[in-house]
Amino acid sequence: LDLPLASKDLLGSLKDAAEKIRQSDALVVVGIGGSYLGSRAVIESLTVPFSPAFPVHFAGHHLDAGYHAALLEALRGKKYSVNVISKSGTTTEPGVAFRFLWGDLTRRFSKADLRDLVFVTTDAKKGGLRKLAGAAGLDRSLHFAHYEFRVFIRDERVPQPRAGFAAAENRIDML
């Protein structure tokens with residue numbers, strides 16, 4: 001499958017992000033709507049059912065306090081990565097979920113470690129999430145959304161490489 005990747009630099013940054021995520025115990029994808037469903041659909045459709053796989057959890061697609069408490073409990077003591085996906089950064093559900101996860105990570109890891117654990121997929125120029133990422137020193141790990149690419153991977157490009165898929169040239173191949 002050929003995909004419209006923006007540049008070889010973007011592909012390189014995605015490979016780097018996937019490698020960092022592979023060093024984690026789990027990945028949490030934070031998003032709602034297409035930001036959540038796109039990642040989940042690709043990961044689930046290309047994963048062998050009931051096979052041992054790298055844990056990928058989802059958050060920010062609702063406001064269920066019990067769900068988020070159970071997620072934080074499941075992640076207790078683990079080194080996990082987060083990919084927060086939001087064009088604006090102002091949607092309530094992902095904002096709440098990300099703040100729970102961010103609070104947990106900032107209590108347990110250094111600012112330098114956070115730069116390798118938290119990946120932000122957002123608008124390249126504006127938005128609340130873009131500002132938060134810059135203020136938190138996450139500029140180096142930003143993977144900006146290219147919202148004109150709405151086929152197959154749109155802005156959910158970080159989770160798939162870690163979940164067992166590799167980006168090669170301009171296509172996604174299963175590992």
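Worth pointing out:
- Going by accessible surface with a 1.4 Å probe and the largest first, Lys15, Lys131, Lys20 read Lys131, Lys15, Lys20.
- Normalised contact order of segment 1-127, rounded percent, pairs of Cα under 8 Å and 6 or more residues apart: 32
- Accessible-area composition of segment 1-117, carbon plus sulfur, in percent [1.4 Å probe]: 57
- Look at the Cα gyration tensor of segment 1-115: its axes a ≥ b ≥ c give a/c under 1.5, and that counts as rounded.
The values are calculated or read from the model by the stated rules, or taken from the named source; none is laboratory data. No experiment lies behind these values; they were computed from the predicted model shown. Surface areas here come from the heavy atoms of the whole protein model, side chains and all, with no ligands, DNA or RNA. Shrake-Rupley method; radii C 1.70, N 1.55, O 1.52, S 1.80 Å.
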